[in-house]
Amino acid sequence: MSNKHALLTFVLISFVVALSCTAADTGEGNGNNIEDGTKIVATNLEVPWDMDFLPDGDIIVTERTGAVKIIEDGIARLVGTIDVAATGEAGLLGIALDLDFETNNAIFIYYTYYVGGDMFNRVSRFFLEDSLHGETVLIDSIPAASIHDGGRLEFGPDGKLYITTGDAAETWRSGDTDNLGGKILRMNRDGSIPDDNPFANLVYASGLRNCQGVAWHNDTMFAVDHGPNRHDEVNIIEMGADYGWPTTCDEYPAYKCYTDFTLAPADIAVRDSFLYVSGLRGSQIRKINRSNGEEEAIFTNYGRIRPLKFHNGYLYFGTSNRDGRGVPKAGDDKIIRTKAY
């Protein structure tokens, strides 16, 4: 090979390596490592609100505008569209696979809908094969508004489905145990009321403003709640307890009360001795040591963060920069996977 050809080959190889390094550093594109142990697994989503994991490890995600998608190898495939009232904070919200999904293909979804000019939230069961089908409404007429709709669905260690709701901008709803707004609800998988619920209805806990995340460590239940002008909360949830709204957490006890800044907590996950709380306006994940109460802000460079899930040793989280309150970056919104942190 001539010196001229060797030089040209060296320049071409160097150019290709430089391009590869640039892509990895910026994190643009599906599947790129953006730092050690952290990887973008999906891009260009539209306000991913919640996610769960299929038996094969693929992610099923709801987009607030009404789409249900499965993410496989970095590609988001549409499997269903629900006609939702996507206005403000309302729309297509929580999702949870049935505990027997591998045999019955059932999946639960929380969403906002219109009846005439009125808005409500509901919980429905669907079936998922190649696409979403066969809706059965299980809880209907949950209060809804353009703000404070709650929306998270999680199965507890007791096998019951827990549903978070907001006060739909009417504070009186939260303390009224005959009203479904501003609560954590608990139901059997067929939609019936568990015999041991404290008020002989679906209400499990009350006095919440806009609860959007619940998680468990063994039998201890944690939940996050949006406060007004700061006063965001992390609470330990007890059956039948009232968490005080419209009294704020500087006056009413909470496990954690944030009065110095607005976190806007959207979800919570638990691993070992740590709680992980996602922040929308706070633009971070808050890592809380349950043993000593110490906290730190992690993942502060992704903007607004909403859903959180642990799966197979990894923490997955989704951005919410296209929700009308954020500043979208290239590729937003994203689902990101990181090593156990």
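Rule-based calculations on the coordinates, nothing more; no lab input. In this text the structure is predicted, and so the values were computed from the model without any measurement. A quick note on method: Cβ atoms are made from the backbone with ideal geometry, for glycine too, and the neighbour counts reach across all protein chains shown.
See the values below:
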| item | result |
| --- | --- |
| Translational diffusion of the chain, µm² s⁻¹ [Kirkwood Rh, Cα pairs; Stokes-Einstein; 10 °C; 1.306 mPa s] | 77 µm²/s |
| Residues ASP176, ASP332, ASP267, ASP195 arranged by fewest to most Cβ contacts within 10 Å | ASP195, ASP176, ASP332, ASP267 |
| Residue exposure sequence - TRP245, TRP216 - by fewest surrounding Cβ within 10 Å | TRP216, TRP245 |
| Exposure proxy ranking, count of Cβ atoms within 10 Å, fewest first, for MET187, MET239 | MET239, MET187 |
| GNM flexibility winner over the chain from THR165, THR62, THR177 (Cα, springs under 10 Å) | THR177 |
| Spin-label zone in the stretch 60-80 - amide nitrogen under 18 Å from a point set 7 Å from the Cα of PHE127 along the C-beta vector | 79-80 |
| Along principal axes, Cα extents of the stretch 220-341, largest first, whole Å | 42, 32, 25 |
| Label point 7 Å beyond Cα of ASP272 along Cβ direction - residues of the stretch 293-312 with amide nitrogen under 16 Å | 293-296, 310-312 |
| The stretch 98-162-the stretch 252-270 distance, computed between alpha-carbon centres (Å) | 25 Å |
| Exceeding the 19 Å Cα-Cα cut-off - candidates LYS160/LYS334; LYS69/LYS309; LYS69/LYS334; LYS256/LYS287 | LYS160/LYS334 |
| For the stretch 274-338, the Rg and Dmax computed from alpha carbons only, in angstrom | 12.1, 38 |
| Residue with peak Gaussian network fluctuation, the chain [Cα springs, cutoff 10 Å], from LEU185, LEU97, LEU138 | LEU138 |
| Once exposed loop GluC sites (Glu not before Pro) are cut out (DSSP; at most 11 other Cβ, 10 Å), longest piece of the chain | 1-128 |
| Phi-based couplings in Hz for the stretch 211-223 (Karplus 6.51, -1.76, 1.60; Gly and Pro marked x) | 6, 10, x, 9, 7, 10, 10, 6, 9, 8, 9, 10, 8 |
| Fluctuation leader among GLY318, GLY74, GLY57 - the chain, Gaussian network, Cα springs under 10 angstrom | GLY57 |
